[in-house]
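Only one structure is covered here, and it is reproduced in the block below.
The values are calculated or read from the model by the stated rules, or taken from the named source; none is laboratory data. Every value quoted in this text rests on a predicted model; they were computed, and no experiment measured them. We place every Cβ from the backbone using ideal geometry, glycine too, and count neighbours over all the protein chains shown. Remember, those area values only see protein heavy atoms, side chains included, never the ligands or the DNA or RNA. Shrake-Rupley method; radii C 1.70, N 1.55, O 1.52, S 1.80 Å.
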Amino acid sequence: MRSPSKTRKATVPDSAAGKIDPPCILIVDDDRLVLATLAYGLREAGYRVQQASNAEEALETIGAHAVDLA
């Protein structure tokens, strides 16, 4: 029987000149558990994370922080 494959942790690549800041991802969801779960997984993968629970908070966050993906 085959053994299960090991889970690989995703990593954010380094630039050729040295380390760069990881991309920042904005998560928007009205469910706090979904926000927490997604934020945890993305941080573990090496991303910076911002969270918002509604559209108004998302727009405020985008205005206050450099967000690479929303």
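Quick look at the values:
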item	result
Which listed residue is modelled with pLDDT under 95 and open to solvent by less than 100 Å² (accessible area, probe 1.4 Å), from ASP14, ASP21, ASP29	ASP14
Neighbours by Cβ (under 9 Å, 6+ apart or cross-chain): first from the range 46-68, more than 14 Å from LEU35 (Cβ to Cβ) and part of a helix (DSSP H, G or I); second open to solvent by less than 70 Å² (accessible area, probe 1.4 Å) and small (Gly, Ala, Ser)	LEU59/ALA52; GLU60/ALA52; ILE62/ALA52
